[in-house]
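Below you'll find the structure, written out as C-alpha coordinates, and then a few comments.
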Amino acid sequence: MAMTMTQKILAAHAGLDSVRAGQLIMAKLDMVLGNDITSPVAINEFKKSGFESVFDNEKISMVMDHFAPNKDIKAAEQCKQCRMFAKNFSIKNYYDVGEMGIEHALLPEKGLVAPGEAVIGADSHTCTYGALGAFSTGVGSTDMAAGMATGEAWFKVPSAIKFELEGELRPFVSGKDVILHIIGMIGVDGALYRSMEFTGSGLKSLSMDDRLCMANMAIEAGAKNGIFEVDEITLAYVNERVTRPFTVYKADEDAEYDEVYKINLSEIEPTVACPHLPENTKEARELSGIIPDQVVIGSCTNGRLSDMKAAAEILKGRHIAKDIRCIVIPATQKIYKDCIKLGYIDTFIDAGCVVSTPTCGPCLGGYMGILAADEIAVATTNRNFVGRMGHVSSKIYLASPEVAAATAVMGRICDPRDVK
(Lines give C-alpha, C1' and ligand atoms only; values in the text may rest on other atoms or scores of the structure.)
Protein backbone atom coordinates (compact mmCIF):
# COMPACT_ATOMS: atom_id res chain seq x y z
CA MET A 1 0.00 0.00 0.00
CA ALA A 2 1.41 3.42 -0.98
CA MET A 3 2.00 5.71 1.98
CA THR A 4 2.92 9.30 2.80
CA MET A 5 5.93 10.23 4.97
CA THR A 6 3.78 10.41 8.08
CA GLN A 7 2.03 7.13 7.36
CA LYS A 8 5.36 5.34 6.90
CA ILE A 9 6.67 6.60 10.24
CA LEU A 10 3.47 5.62 12.04
CA ALA A 11 3.43 2.17 10.42
CA ALA A 12 7.01 1.52 11.51
CA HIS A 13 6.29 2.62 15.08
CA ALA A 14 3.14 0.49 15.20
CA GLY A 15 5.04 -2.57 13.95
CA LEU A 16 2.86 -2.77 10.83
CA ASP A 17 3.76 -3.19 7.17
CA SER A 18 1.36 -0.42 6.21
CA VAL A 19 -1.37 1.85 7.55
CA ARG A 20 -4.19 3.76 5.89
CA ALA A 21 -5.84 7.08 6.65
CA GLY A 22 -8.41 6.76 9.42
CA GLN A 23 -6.90 3.60 10.90
CA LEU A 24 -6.49 3.47 14.70
CA ILE A 25 -3.06 2.32 15.82
CA MET A 26 -0.91 2.10 18.93
CA ALA A 27 2.56 3.45 18.19
CA LYS A 28 5.79 3.40 20.15
CA LEU A 29 7.28 6.78 21.05
CA ASP A 30 10.80 8.14 20.80
CA MET A 31 10.17 11.24 22.92
CA VAL A 32 7.49 12.53 25.30
CA LEU A 33 7.59 16.26 26.04
CA GLY A 34 6.01 18.53 28.60
CA ASN A 35 6.50 22.05 29.93
CA ASP A 36 5.90 23.84 33.21
CA ILE A 37 2.19 24.35 32.49
CA THR A 38 1.24 20.96 31.03
CA SER A 39 3.59 18.65 32.94
CA PRO A 40 2.01 19.20 36.37
CA VAL A 41 -1.37 18.07 35.01
CA ALA A 42 0.30 15.01 33.46
CA ILE A 43 2.14 14.25 36.70
CA ASN A 44 -1.15 14.35 38.62
CA GLU A 45 -2.71 11.92 36.12
CA PHE A 46 0.40 9.74 36.26
CA LYS A 47 0.00 9.40 40.02
CA LYS A 48 -3.78 9.03 39.87
CA SER A 49 -3.40 6.12 37.44
CA GLY A 50 -1.05 4.32 39.82
CA PHE A 51 2.01 4.37 37.57
CA GLU A 52 5.22 3.77 39.50
CA SER A 53 7.86 4.06 36.79
CA VAL A 54 8.57 5.75 33.47
CA PHE A 55 9.17 3.78 30.28
CA ASP A 56 12.58 5.37 29.57
CA ASN A 57 14.15 8.22 31.54
CA GLU A 58 16.11 9.34 28.43
CA LYS A 59 13.00 9.63 26.25
CA ILE A 60 11.10 12.14 28.38
CA SER A 61 11.79 15.88 28.23
CA MET A 62 10.49 18.55 30.59
CA VAL A 63 11.28 22.16 29.80
CA MET A 64 10.44 24.98 32.21
CA ASP A 65 9.80 27.70 29.65
CA HIS A 66 6.33 29.22 29.88
CA PHE A 67 6.43 30.99 33.25
CA ALA A 68 10.10 30.54 34.09
CA PRO A 69 11.93 32.23 35.70
CA ASN A 70 8.90 31.95 37.96
CA LYS A 71 6.54 34.90 37.61
CA ASP A 72 4.47 34.16 40.74
CA ILE A 73 3.85 31.61 43.48
CA LYS A 74 1.69 29.35 41.33
CA ALA A 75 4.37 29.22 38.65
CA ALA A 76 6.95 28.42 41.31
CA GLU A 77 4.84 25.53 42.65
CA GLN A 78 4.34 24.14 39.13
CA CYS A 79 8.07 24.17 38.42
CA LYS A 80 8.77 22.63 41.82
CA GLN A 81 6.37 19.76 41.06
CA CYS A 82 8.13 19.11 37.75
CA ARG A 83 11.55 19.38 39.39
CA MET A 84 10.66 16.78 42.03
CA PHE A 85 9.18 14.40 39.46
CA ALA A 86 12.30 14.68 37.30
CA LYS A 87 14.48 14.02 40.33
CA ASN A 88 12.42 11.04 41.52
CA PHE A 89 12.50 9.35 38.12
CA SER A 90 15.98 10.51 37.06
CA ILE A 91 14.63 12.28 33.98
CA LYS A 92 17.74 13.01 31.95
CA ASN A 93 16.29 15.78 29.79
CA TYR A 94 14.95 18.12 32.45
CA TYR A 95 15.72 21.78 31.72
CA ASP A 96 15.21 24.52 34.28
CA VAL A 97 16.34 28.14 34.66
CA GLY A 98 19.88 28.62 33.39
CA GLU A 99 19.74 25.59 31.09
CA MET A 100 16.29 25.81 29.59
CA GLY A 101 15.18 27.46 26.41
CA ILE A 102 11.84 27.64 24.63
CA GLU A 103 11.05 23.93 24.26
CA HIS A 104 10.54 23.76 20.49
CA ALA A 105 13.84 25.51 19.86
CA LEU A 106 15.69 23.61 22.58
CA LEU A 107 14.91 20.02 21.60
CA PRO A 108 16.17 20.28 18.00
CA GLU A 109 19.23 22.21 19.20
CA LYS A 110 20.03 19.44 21.71
CA GLY A 111 19.62 16.69 19.09
CA LEU A 112 16.70 15.16 20.99
CA VAL A 113 14.64 14.61 17.82
CA ALA A 114 15.82 12.95 14.61
CA PRO A 115 14.28 12.03 11.24
CA GLY A 116 11.83 9.15 11.29
CA GLU A 117 11.09 9.40 15.01
CA ALA A 118 7.67 9.66 16.68
CA VAL A 119 7.19 12.42 19.24
CA ILE A 120 4.30 13.62 21.35
CA GLY A 121 4.24 16.73 23.48
CA ALA A 122 1.71 18.30 25.79
CA ASP A 123 1.93 21.50 23.79
CA SER A 124 0.18 22.10 20.49
CA HIS A 125 3.32 23.39 18.75
CA THR A 126 5.09 20.06 19.17
CA CYS A 127 4.45 19.74 15.43
CA THR A 128 7.65 21.82 15.05
CA TYR A 129 9.84 18.72 14.80
CA GLY A 130 8.34 17.72 11.49
CA ALA A 131 10.95 20.07 10.04
CA LEU A 132 13.44 17.30 10.83
CA GLY A 133 11.42 14.65 9.02
CA ALA A 134 9.90 13.30 12.25
CA PHE A 135 6.25 12.67 13.10
CA SER A 136 5.51 15.00 15.99
CA THR A 137 2.21 16.21 17.33
CA GLY A 138 0.63 17.88 20.31
CA VAL A 139 -1.47 15.90 22.79
CA GLY A 140 -3.31 16.46 26.05
CA SER A 141 -1.66 16.06 29.42
CA THR A 142 -3.46 12.76 30.01
CA ASP A 143 -1.86 11.32 26.88
CA MET A 144 1.48 12.69 28.08
CA ALA A 145 1.03 10.83 31.37
CA ALA A 146 0.27 7.56 29.58
CA GLY A 147 3.18 8.17 27.21
CA MET A 148 5.63 8.69 30.08
CA ALA A 149 4.52 5.43 31.69
CA THR A 150 4.11 3.17 28.66
CA GLY A 151 6.11 4.74 25.84
CA GLU A 152 3.12 4.39 23.55
CA ALA A 153 0.18 6.43 22.28
CA TRP A 154 -2.98 5.89 20.28
CA PHE A 155 -3.30 7.65 16.93
CA LYS A 156 -5.81 7.89 14.14
CA VAL A 157 -3.66 7.84 11.02
CA PRO A 158 -4.11 11.16 9.21
CA SER A 159 -4.64 11.72 5.52
CA ALA A 160 -2.37 14.31 3.96
CA ILE A 161 -2.08 17.49 1.93
CA LYS A 162 0.99 17.89 -0.26
CA PHE A 163 2.71 21.24 -0.73
CA GLU A 164 5.09 21.26 -3.68
CA LEU A 165 7.43 24.21 -3.23
CA GLU A 166 9.37 25.67 -6.13
CA GLY A 167 11.41 28.81 -6.77
CA GLU A 168 13.48 30.79 -4.25
CA LEU A 169 12.67 33.19 -1.45
CA ARG A 170 13.43 36.80 -2.22
CA PRO A 171 15.40 39.05 0.15
CA PHE A 172 13.53 39.99 3.36
CA VAL A 173 11.11 37.06 2.88
CA SER A 174 11.35 34.03 5.19
CA GLY A 175 9.61 30.84 6.22
CA LYS A 176 7.21 32.86 8.41
CA ASP A 177 5.88 34.63 5.32
CA VAL A 178 5.50 31.28 3.54
CA ILE A 179 3.47 29.62 6.28
CA LEU A 180 1.30 32.73 6.81
CA HIS A 181 0.68 32.77 3.06
CA ILE A 182 -0.36 29.10 3.16
CA ILE A 183 -2.64 29.52 6.19
CA GLY A 184 -4.21 32.55 4.53
CA MET A 185 -4.79 30.39 1.45
CA ILE A 186 -6.30 27.27 3.08
CA GLY A 187 -7.69 28.71 6.34
CA VAL A 188 -7.30 27.79 10.00
CA ASP A 189 -9.19 24.54 9.46
CA GLY A 190 -7.86 23.86 5.98
CA ALA A 191 -5.72 20.94 7.13
CA LEU A 192 -7.94 19.73 9.98
CA TYR A 193 -6.48 16.48 11.42
CA ARG A 194 -4.37 16.03 8.31
CA SER A 195 -0.66 15.94 7.68
CA MET A 196 0.87 18.91 5.85
CA GLU A 197 3.74 17.44 3.84
CA PHE A 198 6.31 19.76 2.24
CA THR A 199 8.46 18.75 -0.70
CA GLY A 200 9.78 20.07 -4.02
CA SER A 201 12.78 21.84 -5.48
CA GLY A 202 12.00 24.95 -3.43
CA LEU A 203 13.15 23.21 -0.24
CA LYS A 204 16.73 24.14 -1.04
CA SER A 205 15.74 27.79 -0.56
CA LEU A 206 14.52 27.10 2.99
CA SER A 207 16.95 26.96 5.91
CA MET A 208 16.30 24.67 8.86
CA ASP A 209 15.08 27.70 10.81
CA ASP A 210 12.59 28.45 8.02
CA ARG A 211 11.36 24.87 8.14
CA LEU A 212 11.12 24.77 11.93
CA CYS A 213 9.02 27.94 11.79
CA MET A 214 6.72 26.52 9.12
CA ALA A 215 6.22 23.15 10.81
CA ASN A 216 5.59 24.98 14.09
CA MET A 217 2.56 26.73 12.60
CA ALA A 218 1.01 23.66 10.94
CA ILE A 219 -1.33 23.49 13.91
CA GLU A 220 -2.60 26.97 13.02
CA ALA A 221 -4.09 25.38 9.90
CA GLY A 222 -5.64 22.65 12.05
CA ALA A 223 -3.11 20.02 10.99
CA LYS A 224 -2.26 16.93 12.98
CA ASN A 225 1.35 17.48 11.99
CA GLY A 226 3.59 19.19 9.48
CA ILE A 227 6.53 17.33 7.96
CA PHE A 228 9.34 18.14 5.54
CA GLU A 229 11.04 15.77 3.14
CA VAL A 230 14.54 15.05 4.42
CA ASP A 231 17.30 16.45 2.21
CA GLU A 232 20.96 17.48 2.46
CA ILE A 233 20.05 20.57 4.51
CA THR A 234 18.22 18.41 7.06
CA LEU A 235 21.00 15.87 7.29
CA ALA A 236 23.68 18.54 7.70
CA TYR A 237 21.72 19.97 10.65
CA VAL A 238 20.92 16.60 12.24
CA ASN A 239 24.37 15.04 11.83
CA GLU A 240 25.89 17.89 13.85
CA ARG A 241 23.58 17.13 16.78
CA VAL A 242 22.42 13.49 16.70
CA THR A 243 24.73 10.53 17.31
CA ARG A 244 22.16 7.71 17.49
CA PRO A 245 20.99 5.89 14.34
CA PHE A 246 17.83 7.12 12.64
CA THR A 247 15.72 6.24 9.60
CA VAL A 248 14.73 8.58 6.79
CA TYR A 249 11.27 7.96 5.33
CA LYS A 250 10.24 9.24 1.93
CA ALA A 251 6.68 9.27 0.61
CA ASP A 252 5.84 6.75 -2.10
CA GLU A 253 5.50 8.29 -5.54
CA ASP A 254 1.92 7.04 -5.74
CA ALA A 255 0.97 8.05 -2.19
CA GLU A 256 -2.55 9.46 -1.94
CA TYR A 257 -3.10 13.11 -0.99
CA ASP A 258 -6.40 14.87 -0.35
CA GLU A 259 -5.06 17.95 -2.15
CA VAL A 260 -1.83 19.03 -3.81
CA TYR A 261 -0.79 22.70 -3.81
CA LYS A 262 2.04 24.11 -5.90
CA ILE A 263 3.63 27.20 -4.37
CA ASN A 264 6.23 29.41 -6.04
CA LEU A 265 8.35 30.85 -3.23
CA SER A 266 9.57 33.70 -5.44
CA GLU A 267 6.03 35.09 -5.57
CA ILE A 268 5.56 35.38 -1.80
CA GLU A 269 5.61 38.87 -0.27
CA PRO A 270 6.25 39.90 3.37
CA THR A 271 2.98 38.78 4.93
CA VAL A 272 1.11 39.71 8.11
CA ALA A 273 -1.79 37.93 9.84
CA CYS A 274 -4.31 40.45 11.16
CA PRO A 275 -6.49 40.01 14.28
CA HIS A 276 -7.93 37.68 15.35
CA LEU A 277 -6.98 34.62 13.28
CA PRO A 278 -3.78 33.49 11.55
CA GLU A 279 -5.77 33.11 8.31
CA ASN A 280 -6.52 36.87 8.11
CA THR A 281 -3.46 37.61 6.03
CA LYS A 282 -2.45 40.67 4.04
CA GLU A 283 0.79 41.89 2.54
CA ALA A 284 2.74 44.13 4.94
CA ARG A 285 2.52 47.09 2.59
CA GLU A 286 -1.29 47.00 2.81
CA LEU A 287 -1.13 47.67 6.55
CA SER A 288 1.05 50.77 6.72
CA GLY A 289 -1.66 52.64 8.64
CA ILE A 290 -1.41 50.30 11.65
CA ILE A 291 0.60 51.86 14.50
CA PRO A 292 1.53 49.35 17.21
CA ASP A 293 2.35 49.94 20.85
CA GLN A 294 4.61 46.91 21.16
CA VAL A 295 6.80 44.68 19.00
CA VAL A 296 7.86 41.19 20.14
CA ILE A 297 10.67 39.35 18.37
CA GLY A 298 11.13 35.78 19.63
CA SER A 299 9.05 32.68 20.55
CA CYS A 300 9.20 29.02 19.52
CA THR A 301 8.29 30.20 16.03
CA ASN A 302 10.90 32.90 15.43
CA GLY A 303 13.43 33.06 18.26
CA ARG A 304 16.29 31.24 16.53
CA LEU A 305 19.66 32.69 15.58
CA SER A 306 18.72 33.50 11.99
CA ASP A 307 15.68 35.38 13.33
CA MET A 308 17.90 37.38 15.67
CA LYS A 309 20.27 38.08 12.77
CA ALA A 310 17.45 39.28 10.50
CA ALA A 311 16.17 41.65 13.18
CA ALA A 312 19.63 42.90 14.11
CA GLU A 313 20.52 43.72 10.51
CA ILE A 314 17.49 46.00 10.27
CA LEU A 315 17.95 47.55 13.71
CA LYS A 316 21.70 48.13 13.45
CA GLY A 317 22.50 51.84 13.43
CA ARG A 318 18.83 52.71 13.91
CA HIS A 319 16.57 53.37 16.87
CA ILE A 320 13.04 52.13 17.43
CA ALA A 321 10.32 54.72 16.94
CA LYS A 322 9.07 56.88 19.78
CA ASP A 323 6.27 55.29 21.84
CA ILE A 324 7.17 51.76 20.63
CA ARG A 325 8.17 49.06 23.12
CA CYS A 326 10.30 46.35 21.53
CA ILE A 327 11.00 43.08 23.35
CA VAL A 328 13.58 40.65 21.94
CA ILE A 329 13.68 37.07 23.27
CA PRO A 330 16.41 34.68 22.06
CA ALA A 331 14.88 31.20 22.24
CA THR A 332 17.70 29.35 24.03
CA GLN A 333 20.74 30.09 26.15
CA LYS A 334 23.00 29.04 23.26
CA ILE A 335 21.24 31.44 20.91
CA TYR A 336 21.55 34.17 23.57
CA LYS A 337 25.31 33.53 23.85
CA ASP A 338 25.71 33.53 20.07
CA CYS A 339 23.85 36.84 19.92
CA ILE A 340 26.33 38.29 22.42
CA LYS A 341 29.33 37.01 20.45
CA LEU A 342 27.94 38.37 17.17
CA GLY A 343 27.11 41.77 18.65
CA TYR A 344 23.35 41.43 18.21
CA ILE A 345 22.60 42.14 21.88
CA ASP A 346 24.47 45.44 21.66
CA THR A 347 22.52 46.25 18.50
CA PHE A 348 19.19 45.51 20.18
CA ILE A 349 19.96 47.54 23.30
CA ASP A 350 21.43 50.44 21.35
CA ALA A 351 18.25 50.49 19.26
CA GLY A 352 16.13 50.85 22.41
CA CYS A 353 14.94 47.26 22.75
CA VAL A 354 14.78 45.18 25.91
CA VAL A 355 16.35 41.70 25.73
CA SER A 356 14.86 38.89 27.82
CA THR A 357 16.07 35.54 29.06
CA PRO A 358 14.55 32.68 27.00
CA THR A 359 10.85 32.34 27.80
CA CYS A 360 7.46 31.89 26.14
CA GLY A 361 6.34 34.83 28.32
CA PRO A 362 4.35 37.31 26.22
CA CYS A 363 3.31 34.86 23.49
CA LEU A 364 0.57 33.33 25.62
CA GLY A 365 -0.10 36.41 27.71
CA GLY A 366 2.00 35.01 30.54
CA TYR A 367 4.38 37.83 31.44
CA MET A 368 7.22 39.92 29.99
CA GLY A 369 4.98 41.99 27.74
CA ILE A 370 1.26 41.83 28.56
CA LEU A 371 -0.94 44.16 26.51
CA ALA A 372 -3.31 46.68 28.10
CA ALA A 373 -6.79 47.52 26.80
CA ASP A 374 -6.85 48.50 23.12
CA GLU A 375 -3.10 48.12 22.69
CA ILE A 376 -1.67 46.70 19.46
CA ALA A 377 1.28 44.35 19.09
CA VAL A 378 3.23 43.17 16.09
CA ALA A 379 4.75 39.83 17.11
CA THR A 380 6.75 37.00 15.59
CA THR A 381 4.65 34.58 17.62
CA ASN A 382 2.15 32.08 16.22
CA ARG A 383 -1.30 33.00 17.52
CA ASN A 384 -3.34 36.18 17.52
CA PHE A 385 -6.60 35.06 19.12
CA VAL A 386 -8.73 37.43 21.22
CA GLY A 387 -6.92 38.12 24.51
CA ARG A 388 -3.95 35.93 23.55
CA MET A 389 -1.35 38.46 24.70
CA GLY A 390 -3.30 40.35 27.33
CA HIS A 391 -6.52 42.39 27.47
CA VAL A 392 -9.42 41.10 25.37
CA SER A 393 -9.59 44.38 23.49
CA SER A 394 -5.90 44.25 22.50
CA LYS A 395 -4.89 43.21 18.99
CA ILE A 396 -2.02 41.11 17.64
CA TYR A 397 -0.54 41.16 14.15
CA LEU A 398 1.65 38.15 13.36
CA ALA A 399 4.74 38.81 11.26
CA SER A 400 8.28 37.73 10.43
CA PRO A 401 11.33 39.07 12.33
CA GLU A 402 12.10 41.24 9.30
CA VAL A 403 8.64 42.85 9.30
CA ALA A 404 8.63 43.15 13.10
CA ALA A 405 12.01 44.90 13.22
CA ALA A 406 11.06 47.20 10.34
CA THR A 407 7.83 48.04 12.15
CA ALA A 408 9.70 48.88 15.35
CA VAL A 409 11.95 51.29 13.45
CA MET A 410 9.28 52.95 11.35
CA GLY A 411 6.58 53.09 14.05
CA ARG A 412 4.00 51.47 11.78
CA ILE A 413 3.60 48.09 10.10
CA CYS A 414 6.19 48.18 7.38
CA ASP A 415 7.57 46.09 4.53
CA PRO A 416 11.26 45.67 5.49
CA ARG A 417 12.24 46.80 2.01
CA ASP A 418 10.77 50.22 2.80
CA VAL A 419 12.86 50.95 5.89
CA LYS A 420 14.71 54.27 5.61
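The values are calculated or read from the model by the stated rules, or taken from the named source; none is laboratory data. Since the structure is predicted, the reported quantities are computational estimates derived from the model, not experimental observations. In this analysis, Cβ positions are derived from the backbone assuming ideal geometry, glycine residues included, and neighbour counts consider all displayed protein chains. Heads up: the accessible areas ignore ligands, DNA and RNA and are worked out on the full protein's heavy atoms, side chains in. Shrake-Rupley method; radii C 1.70, N 1.55, O 1.52, S 1.80 Å.
Average accessible surface for segment 1-127: 40 Å² per residue, computed with a 1.4 Å probe over protein heavy atoms with every protein chain in place.
With a 1.4 Å probe rolled over the protein heavy atoms of all chains, the accessible area of 181, 319 falls in the order 319, 181, largest first. Taking 20 °C and 1.002 mPa s as conditions, segment 64-161 diffuses translationally at an estimated 145 µm²/s according to Stokes-Einstein applied to its Kirkwood radius (Cα pairs). For the chain, a Gaussian network of Cα nodes joined below 10 Å ranks 33, 287, 315 by mean-square fluctuation, and the top entry is 287. When you restrict to C-alpha pairs under 8 Å that are six or more residues apart and normalise by the size of segment 1-97, the relative contact order lands at 26 percent. Each residue was assigned an accessible area with a 1.4 Å probe, and for residue 207 the value is about 50 Å².
So which trypsin sites (Lys or Arg not before Pro) in segment 82-125 pass both tests, a DSSP loop state and at most 15 other Cβ atoms within 10 Å of the Cβ? Sparse-neighbourhood loop trypsin sites (Lys or Arg not before Pro): 92.
In terms of its C-alpha gyration tensor, the chain comes out oblate, because a/c is 1.5 or above while a/b does not outweigh b/c. Note on surface exposure: 166, 103, 259, 267 rank 267, 166, 259, 103 by accessible area, highest first, 1.4 Å probe. Within segment 137-245, what whole-number % of the accessible surface is contributed by carbon and sulfur, with the 1.4 Å probe and all protein chains included in the calculation? Roughly 52 percent of what the probe reaches on segment 137-245 is carbon or sulfur. With protein chains left intact and a 1.4 Å probe, residues in segment 153-309 average 40 Å² of accessible area per residue. Of the peptides 132-144, 11-23, 379-391, the order by per-residue mean of other Cβ atoms within 10 Å, starting with the highest, comes out as 132-144, 379-391, 11-23. For segment 356-417 versus segment 253-327, the inter-centroid distance based on Cα atoms is 11 Å. Using a Gaussian network model of the chain in which every pair of alpha carbons under 10 angstrom is joined by a spring, one finds that among 346, 254, 307 the greatest mean-square fluctuation is at 254.
What net charge is computed for the residues neighbouring residue 286, neighbours being all others with C-beta under 10 Å from the C-beta of residue 286, Lys and Arg scored +1, Asp and Glu -1?
Details: positive: 282, 285; negative: 269, 283, 415.
Result for the neighbourhood of residue 286: -1.
Once you order the gyration tensor axes a ≥ b ≥ c over the Cα atoms, which shape class does segment 298-362 get: rounded for a/c under 1.5, otherwise prolate or oblate by comparing a/b with b/c?
Numbers: a/c = 1.85, a/b = 1.28, b/c = 1.45.
Because a/c hits 1.5 or more and a/b fails to exceed b/c, segment 298-362 counts as oblate.
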